[in-house]
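Shown next, in structure tokens, is the structure this report addresses.
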Amino acid sequence: MAMDTVKMSHPWRLRRPRCLKEGRTDNTTSNCHPWRRRHRHLSFNFCKFKAHRTDSILGGGSSPVAASPPTLPGGNPMKSDQVGQPCNLMLVRSVIGLPVLLPFLLPILLCLSGLLSACAPAFRFSESGPTFSSHTPSLDLATSSCGSTYSPGHAMIHRLSNTEYNNTVRDLLLTKSTPGDTFQSSSVGSSGFSNESVTLTISNQSVADYATAARALADEVIASKGTAGGAYQALASCAVGATTVSDSCARSVIRTLARRAFRQAVTEGATDSDVDRLMAVYSAAGGSFDLGFHAAIMAMLLDPRFIFTYFNHPQPDNPQAVYLLNDYELASRLSFFIWQSMPDDTLLSLADQGVLHNPETLQAQAARMLLDPKAQGLATILKNDWAKLSKLRGASISGLDQQTLSDMLNESQLFINDVISTDASFLTAIDGRTTFVNANLAKFYGWNVPSATTSNFVKTTIQDSGRRGLLTQAAMMVAFGGGGLYTHPVQRGRFVTDAFLCAPPPPPPGGKAPAITPVSGSTMKQVLTQMTSPPACYACHNTMNVVGLGLENFDPFGKWRTVYSSDTFNTAGASIDASGTMPNSFSFQGPGDFLDDLSGDPRVPACLATKLMSVAIARVMSGTDDLCIARAIGASQITPNTKFSDAVKHIVLSLQFTSQLGGTLQ
């Protein structure tokens, strides 16, 4: 494969192509194509995001890449005539076993070795590419209080999270496989969500994972050839039953699938176009349609346009330059927000027409998508990351059997699904009076729900006077200090201050909180009051203790109680005092009273909007303008009388969602 040759003046900044220095305006040299010139920054963003260090990607402690010139595998310096040439062909062949896939896998491998800027022309995106968006969105009324020039912030290039990868291949290839479950896991970012771009780095293991998954998924498609209604028939209908498959059929199949895989229009007909490159992969695979289709699927799944979402900012290094996302970028941002998956044909069609950015269209699509079963993607990330229930997956809780733990998690998933599908207020998470139980969970709670069966969860009215919404469900109580002989009010209180007030306390001195030491004959409230009375502790525990003790009517497993049973405190039979006063706020007499008052706290809607926006834009909401937008949306769209979709529809009109600032070279 011929590769463009470029020289380097700085390890991360390419010199102007020679054709530009000579004043040429033609595109006969591929490196001089205007789209490529505009996208030289992608090598920087793709490999190093905002930090010029290999450890930002590989997690190691290597020295800054800028300190030394590019090297070839083995440590030999790269000569000037080697810059831009294929790097480490044998590694590619050993990983993928198909040399024709080199143009697709090479950019990822080069990124890992610190060479992508040198080999930037290998980072092949569409030659035509998305164009600079010139539309001007109307100012959303919910955010107008923040002014018309508030900063939209900057989100880094985004690698699909493992969950997003699973959902995307499900929708692209109609598979039930979940290869992302076996991928190297990523840490949760400071936003608290697993889709935060800054944490979604890439490693050598990631490349191997992608290669393995691509082959397995392509195998699965071809293996479904004889299955009625299978992936093969759905994706390559013109090839079904054909003795010889024409090139026009193959081209049509590849064109359609590539448009969906890359989530944008694909080029065709021009030299080195998207479809022609994929057809070259198809033709080189061995002659039969199945072999070629298999190779083309692998190529698409290894293309950076599939693995990443990105914004075509024409001034990527200018932190003052505002770029309005084009329609394809909006389609991806919208679908990965609500579905945690790729855009469907409706979104891509609207992007083709150039009308998705219209405020009315954008809001209508958000409303449509929330009613789709795929909106469970949003419900799941809220359950796992906002409610932190992912910590219970595969957990073993002393005194709790696995079936009951699974039923508890299902209750929480169904509850959040219901908030979204019925378009209830987001505040229902705090003050909702219904939930979902099966026979086992109804028995656990001590409720009479005749319609519930072992396998059938039913929606039912909560039968405990002090239980409300998501927060007091058994899974939540177990996740935060549950199990064992007594509760952990500090853990429960810390969760509430973070998830609902966005005011998490700092880590304890020394990074580890002291264990609660039972005092015979003393209640939990008395013990905590004594332990946290020193001024160094009280400043934080003043709120955490009050919140956690306000939930003390729920035992370590989330069952309702009014008196202590026999435990290590030797307070059996003592009445539980769950009353308290929030600092500079309301007083309450028990959990029901506390939750009713909490739902009316003005900090809660702002916090819930902040959490939802963090999912939407895949970054932490931290700047003054970010928080102003969250407060404005929360105050007007997260109320007892508004719907979940109201908040979502205003989020997708905010500049944070529809725009992007350039980054900074640090």
Do we find that Gly226 is more than 27 Å from Leu356 (Cβ to Cβ) and free of Cβ contacts under 8 Å to residues at least 12 places away in the same chain in this structure?
yes
Taking the conditions exactly as written (under 20 Å from the mean Cα position of the chain (by Cα) and not in a helix (DSSP H, G or I)), does Ser396 satisfy them or not?
no
Single residue of Lys391, Lys383 found to be at pLDDT below 95, part of a helix (DSSP H, G or I) and of a type outside the set (Phe, Trp, Tyr):
Lys391
Residue list for the range 415-439, restricted to those being buried (at least 20 other Cβ atoms within 10 Å of the Cβ) and part of a helix (DSSP H, G or I):
Phe415, Ile416, Val419, Ile420, Thr428, Ala429, Ile430
Just a yes or no: is a residue in the range 547-564 touching a residue at least 24 places away in the same chain (Cβ under 8 Å) and more than 30 Å from Trp447 (Cβ to Cβ)?
no
Return yes when Leu409 is assigned by TED's automatic domain parsing to the domain that holds Asp464, assigned to a helix (DSSP H, G or I), under 18 Å from Gly377 (Cβ atoms) and touching a strand residue (DSSP E or B) at 6+ places or on another chain (Cβ under 6 Å) and no when it is not.
no
Restricting to the range 222-260, give me the number of residues that are farther than 24 Å from Ser332 by Cα and in a helix (DSSP H, G or I).
12
Set Ala280, Ala270: member being in the same structural domain as Phe193 (by TED's automatic domain parsing), assigned to a loop (DSSP other than H, G, I, E, B) and either among the hydroxyl-bearing types (Ser, Thr, Tyr) or closer than 30 Å to Ser246 by Cβ (or both)
Ala270
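For (1) surrounded by 22 or more Cβ atoms within 10 Å (Cβ to Cβ); (2) on the phi > 0 side of the Ramachandran plot; (3) small (Gly, Ala, Ser), each residue gets a yes or a no:
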position	(1), (2), (3)
Arg603	no, no, no
Ala618	yes, yes, yes
Asp625	no, no, no
Cys628	no, no, no
Phe644	yes, no, no
Val648	yes, no, no
Phe657	yes, no, no
Residue selected from the range 579-601 under the condition in contact (Cβ under 8 Å) with a residue 40 or more places away in the chain and in a loop (DSSP other than H, G, I, E, B), by the criterion surrounded by the fewest Cβ atoms within 10 Å (Cβ to Cβ):
Pro583
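From the list Ala515, Ala572, which residue is exposed (fewer than 12 other Cβ atoms within 10 Å of the Cβ), over 33 Å from the mean Cα position of the chain (by Cα) and within 30 Å of Asn384 (Cβ to Cβ)? Outline the logic, then answer.
Values: Ala572 fails: within 30 Å of Asn384 (Cβ to Cβ).
Just one listed residue meets the conditions, Ala515.
Let's see how each residue does on (1) modelled with pLDDT of 95 or more; (2) part of a loop (DSSP other than H, G, I, E, B):
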position	(1), (2)
Met156	no, yes
Thr175	yes, yes
Asp181	yes, no
Gln184	no, yes
Ser194	yes, yes
Val207	no, no
Any idea which residue in the range 368-423 is nearest to Asn167 (Cα to Cα), counting only those that are out of contact with any Lys or Arg (no Cβ under 6 Å at 6 or more places or on another chain) and of a type in the set (Asp, Glu)?
Asp372
State all residues of the range 508-542 that are outside any loop (DSSP other than H, G, I, E, B) and touching a helix residue (DSSP H, G or I) at 6+ places or on another chain (Cβ under 6 Å); if no residue qualifies, say none.
Lys525, Leu528
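Against the definition (modelled with pLDDT under 90 and of a type in the set (S, T, N, Q)), how does Thr472 come out, yes or no? Outline the logic, then answer.
Numbers: modelled with pLDDT under 90: no; of a type in the set (S, T, N, Q): yes.
Criteria not met by Thr472.
The values are calculated or read from the model by the stated rules, or taken from the named source; none is laboratory data. Just so it is clear, the model here is predicted, and its values are computed rather than measured. Ideal geometry is used to build each Cβ from the backbone, glycine not excepted, and the neighbour counts take in all protein chains shown.
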